[in-house]
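Before any comments, here is the structure.
The values are calculated or read from the model by the stated rules, or taken from the named source; none is laboratory data. Source: prediction; values computed, not measured. Every residue, glycine among them, receives a Cβ derived from its backbone with ideal geometry; neighbour counts consider all protein chains shown. Ligands, DNA and RNA are stripped out before the accessible areas are found, and what is left, the full protein with its side chains, is counted by its heavy atoms. Shrake-Rupley method; radii C 1.70, N 1.55, O 1.52, S 1.80 Å.
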Amino acid sequence: MKSSLNILNRFFGYESFKPPQDEIIDTLVSGKNALVLMPTGSGKSLCYQIPSIAREGCGIVISPLIALMQNQVELLRANGVKAKFLNSSLEEKDALAIEQQLLVGELDLLYLAPERLIKPKTLSLLKKIKISLFAIDEAHCVSQWGHDFRQDYLELEILAQEFPRVPRIALTATADERTRKEIALRLGLTNARCFLESFDRPNIRYQISLKDNYRNQLIRFLRDDHLNHSGIVYCLSRNKTEQVSEWLTSEGFNALPYHAGMPVRQRSANQSRFLNEEAIIIVATIAFGMGIDKPNVRFVAHLDLPKTIESYYQETGRAGRDGEPADAWMVYGLQDVTKLRLMVTSSEAPPDIKRVEQLKLNALLGFCEITTCRRKSLLAYFSEEASDECQNCDNCLYPVDTFDGTEVAQKALSTVYKTGENFGSTHLVDVLLGKETQKVFSFNHHLLTVYGIGKELTPDQWKSVFRQLSARGYLKPNDEYGSLRLDRGACRPILKGIETIKLRRDIREKTAKQLTKTKLPDYIDIGLWENLREKRRQLAEAQGVPPYVVFHDKTLQAMATVLPQHLKDFSSLPGVGDRKLEKYGSEFLSVIRGESPKISPN
Ligand code: ADP
Ligand code: ZN
């Protein structure tokens, strides 16, 4: 058996393990089970890939998405690992050939979709071969409490029964305590060794602001911080993804839409441009994302609210997998809150599921409204305690001003009540300010005691009060047109003056200019950097793979810093294993030496 460290050096080109990778690998190599809960970008894949290579037999990896499998297999093969996948995208004869390879023991790793694994035919095939381990990736899909539930994952229970001697590892990057317990229970891992790492993504900067004119806000964010960066912009509707992408294009960005309603061809073309080219902005619905392993996504921008904190964490988690600074940026407004609340209340889901959805939505809105460190609150949601303020979120960087909002809240709530709980915030604000509109007169609202009692705030400030009261659940939508009603139970203590409420004083613009992201270190020669990138692009294009399959940015940065002159020095760069040394070493060395860049014939 080869040593794990040796495999790490020779195949993956890394010097040492990132703890607890080594412990997880030892656990599996010695035949025991493991449950792994670690954030995106922490190096989970190696935890099952290395034991699969080290142990006798083939490692079977269960993965929910075709795109995810293809990507992983591509990366592995680029490092000289014998990996294949079996899924519905293959032609019959190719699938047969792979099954043959499996039978004669030629593979180190095989990726499978769960629905394929549980077929009797596949199970009997697997019974005939030596299996080194089972790895269940995205294991939270087994949980009904989680947000990506997949029926097929439930059937993975049979692995424990049918293959009791094969070690199992389940991995996920999103799991609150309840999901964790469910994974362990359903996959027979209650006695497995559990590796629970911090879910913090310190390189991601969280920023949530009020929606004002989202197009201008987005453009400013992109121009200030993300020119020539790759990123994802999330929208709720298909229409909006197309409009926003068209508009970004007209503003000079390379933007492409992505949603489930597009022709499959165009959709996958856009996805592959995002993966293969640099500085592409994909404007997408949440249909886009799972299985996107692009390491250098510099920002994720939300133009609409996600449904839960888990989704927010997962979607924003696609930024900065390479560990370099990245932004999670979001804008939201009262309309978004109302729309989401309505979606939950009017859904066809059974009552107990609806109740869970309601709780999760409240948690998300609470998260948007908090005035303290966002990272702390996010981690607390995943039952993790952070010791200090992070200094890398909007609330830490630009502390929020709060004020005792009890009196204005009372005025706002009374106005909702006195007008019969039939109006939206625009009209309610008019009433509070004593405006003489036609609507005011036709409903005789100028005769109410609340008419004109709110002149201490501007219309925008009142809007903010209504939004905050809605986000915190004091106000609920009454219909799909935005009219509001009171949540009696929640409002009573405020109206009676038993409870006080702190509101945030919203500022329209964050005046402080943000730090510029991902600037190259000063000592790197920009000309050389560009030449290295160009070489990488050519090599990637010639093989039809994304640039990061050739080398990550980190490896290029190391080249430009260390300036290796010989293959021996080159081999010690991070991310350079035996295969890549042989394949690309001399090509990049000649770029570093300043010789004219050439394209390799293969
Ligand atoms: P996850 O699956 O947890 O999101 P990945 O397995 O994709 O994370 O790994 C994230 C990045 O870290 C990858 O680019 C990977 O090559 C790199 N990586 C993993 N292990 C190590 C290591 N021991 N040393 C250096 N880089 C590593
Ligand atoms: Zn913070």
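Mind listing just one residue for me: the one in the range 354-365 that is more than 30 Å from Lys455 (Cβ to Cβ) and in contact (Cβ under 8 Å) with a residue 40 or more places away in the chain and, of those, farthest from ligand 1 (Cβ to nearest atom)? Before you say what the answer is, go through the steps one by one.
Taking the range 354-365 and keeping what is more than 30 Å from Lys455 (Cβ to Cβ), we get 354-364.
From the residues that got through so far, the ones that are in contact (Cβ under 8 Å) with a residue 40 or more places away in the chain too are 356-357, 360-364.
Values: Val356: 27, Glu357: 27, Lys360: 24, Leu361: 27, Asn362: 29, Ala363: 24, Leu364: 23 Å.
Among them, the one singled out is Asn362.
One line per residue, one yes/no per condition, for (1) crowded, with 22+ Cβ neighbours inside 10 Å; (2) polar (S, T, N, Q); (3) not in a helix (DSSP H, G or I):
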residue	(1), (2), (3)
Ser16	no, yes, yes
Asp26	no, no, no
Leu35	yes, no, yes
Val61	yes, no, yes
Ala67	no, no, no
Arg77	no, no, no
Gly80	no, no, yes
Ser88	no, yes, yes
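Out of the range 444-479, which residues are of a type in the set (A, V, I, L, M, F, W, C), open to solvent by less than 40 Å² (accessible area, probe 1.4 Å) and closer than 15 Å to Gly434 by Cα? Listed by number, the residues that qualify are Val450, Leu457, Trp462.
Any residue at all in the range 425-437 that is touching a helix residue (DSSP H, G or I) at 6+ places or on another chain (Cβ under 9 Å) and either within 16 Å of ligand 2 (Cβ to nearest atom) or among the small types (Gly, Ala, Ser) (or both)? Before you say what the answer is, go through the steps one by one.
First, pick out the residues of the range 425-437 that are touching a helix residue (DSSP H, G or I) at 6+ places or on another chain (Cβ under 9 Å): 425-437.
Now drop any that are not either within 16 Å of ligand 2 (Cβ to nearest atom) or among the small types (Gly, Ala, Ser) (or both), which leaves 425, 434.
Within the range 425-437, one or more residues are touching a helix residue (DSSP H, G or I) at 6+ places or on another chain (Cβ under 9 Å) and either within 16 Å of ligand 2 (Cβ to nearest atom) or among the small types (Gly, Ala, Ser) (or both).
Considering only residues of the range 371-386 that are at pLDDT below 85 and within 19 Å of Arg472 (Cβ to Cβ), which is farthest from ligand 1 (Cβ to nearest atom)? Before the answer, list the steps.
The first filter runs over the range 371-386 and keeps only residues at pLDDT below 85, leaving 371-372, 380-386.
After this cut, where a residue has to be within 19 Å of Arg472 (Cβ to Cβ) as well, the list is 371-372, 380-381.
Details: Thr371: 31, Thr372: 28, Ala380: 22, Tyr381: 20 Å.
The qualifying residue farthest from ligand 1 (Cβ to nearest atom) is Thr371.
Restricted to the range 189-208, and to residues there that are under 24 Å from Asp26 (Cα atoms) and open to solvent by 40 Å² or more (accessible area, probe 1.4 Å), the residue that is nearest to ligand 1 (Cβ to nearest atom) is Glu197.
Run down Ala97, Ala54 and say which single residue is surrounded by 16 or more Cβ atoms within 10 Å (Cβ to Cβ) and more than 11 Å from ligand 1 (Cβ to nearest atom). Reasoning before the result, please.
Details: Ala97 fails: surrounded by 16 or more Cβ atoms within 10 Å (Cβ to Cβ).
So the residue among Ala97, Ala54 that is surrounded by 16 or more Cβ atoms within 10 Å (Cβ to Cβ) and more than 11 Å from ligand 1 (Cβ to nearest atom) is Ala54.
Taking the range 480-494 as the search range and keeping residues that are open to solvent by 70 Å² or more (accessible area, probe 1.4 Å) and touching a residue at least 40 places away in the same chain (Cβ under 8 Å), which one is farthest from Phe423 (Cα to Cα)? The qualifying residue farthest from Phe423 (Cα to Cα) is Glu480.
Apart from one condition, Lys307 fits all of (1) part of a loop (DSSP other than H, G, I, E, B); (2) under 22 Å from Pro202 (Cα atoms); the exception is (2).
Out of curiosity, is Ala301 outside the structural domain of Leu484 (by TED's automatic domain parsing), farther than 28 Å from Asn239 by Cβ, among the small types (Gly, Ala, Ser) and more than 16 Å from ligand 1 (Cβ to nearest atom)? When the stated conditions are applied, Ala301 does not pass them. Taken over the range 192-243, the criterion of being farther than 20 Å from Ile281 by Cβ and among the aromatic types (Phe, Trp, Tyr) is satisfied by Phe195, Phe199.
Would you say Ser347 is more than 16 Å from ligand 2 (Cβ to nearest atom), polar (S, T, N, Q) and open to solvent by 30 Å² or more (accessible area, probe 1.4 Å)?
Working: more than 16 Å from ligand 2 (Cβ to nearest atom): yes; polar (S, T, N, Q): yes; open to solvent by 30 Å² or more (accessible area, probe 1.4 Å): yes.
So Ser347 passes the test.
Counting residues in the range 418-439 that are open to solvent by 40 Å² or more (accessible area, probe 1.4 Å), touching a strand residue (DSSP E or B) at 6+ places or on another chain (Cβ under 9 Å), of a type outside the set (A, V, I, L, M) and closer than 28 Å to Ile309 by Cα gives zero.
Among the listed residues Phe149, Phe199, Phe195, identify the single one that is touching a Ser or Thr at 6+ places or on another chain (Cβ under 7 Å) and not in a helix (DSSP H, G or I). Don't jump to the end; show me each part of the working.
On the way: Phe199 fails: touching a Ser or Thr at 6+ places or on another chain (Cβ under 7 Å); Phe195 fails: touching a Ser or Thr at 6+ places or on another chain (Cβ under 7 Å).
One residue alone meets the criteria, Phe149.
Identify, from the list Arg265, Arg341, Arg318, the residue that is modelled with pLDDT under 95 and open to solvent by less than 20 Å² (accessible area, probe 1.4 Å). Only one candidate qualifies: Arg341. Taking the conditions (1) more than 16 Å from ligand 1 (Cβ to nearest atom); (2) out of contact with any Leu (no Cβ under 8 Å at 6 or more places or on another chain); (3) at pLDDT 90 or above in turn, Leu573 satisfies each one other than (1). Among the candidates Ile62, Ile53, Ile7, the residue that is touching a residue at least 40 places away in the same chain (Cβ under 8 Å) and within 27 Å of Ala319 (Cβ to Cβ) is uniquely Ile62.
If you go through the range 35-82 and pick out every residue that is touching a Phe, Trp or Tyr at 6+ places or on another chain (Cβ under 7 Å) and of a type in the set (Gly, Ala, Ser), you end up with 3. Quick one: in the range 353-378, of everything that is within 10 Å of ligand 2 (Cβ to nearest atom) and assigned to a helix (DSSP H, G or I), which residue is surrounded by the most Cβ atoms within 10 Å (Cβ to Cβ)? Across the range 353-378, the extreme among qualifying residues is Leu378.
Say we look at the range 169-186 and pick out the residues that are in contact with a helix residue (DSSP H, G or I) (Cβ under 6 Å, 6 or more places away or on another chain) and in contact (Cβ under 8 Å) with a residue 40 or more places away in the chain; which of these is most open to solvent (accessible area, probe 1.4 Å)? Explain how you work it out, then say what you get.
Initially, the range 169-186 is screened for residues in contact with a helix residue (DSSP H, G or I) (Cβ under 6 Å, 6 or more places away or on another chain), giving 169-172, 174-175, 179, 183, 186.
Filter once more, so that each one left must be in contact (Cβ under 8 Å) with a residue 40 or more places away in the chain: 169-172, 174-175, 183, 186.
On the way: Ile169: 0, Ala170: 0, Leu171: 0, Thr172: 2, Thr174: 8, Ala175: 1, Ile183: 1, Arg186: 68 Å².
Checked the range 169-186; the qualifying residue most open to solvent (accessible area, probe 1.4 Å) is Arg186.
Look at the range 382-400: where a residue is within 9 Å of ligand 2 (Cβ to nearest atom), no partner that is among the aromatic types (Phe, Trp, Tyr) and assigned to a loop (DSSP other than H, G, I, E, B) sits 6+ places away or on another chain with Cβ atoms under 6 Å. Evaluated against (1) open to solvent by less than 30 Å² (accessible area, probe 1.4 Å); (2) near ligand 1 (Cβ under 9 Å from one of its atoms); (3) polar (S, T, N, Q), Ser45 falls short on exactly one condition, (1).
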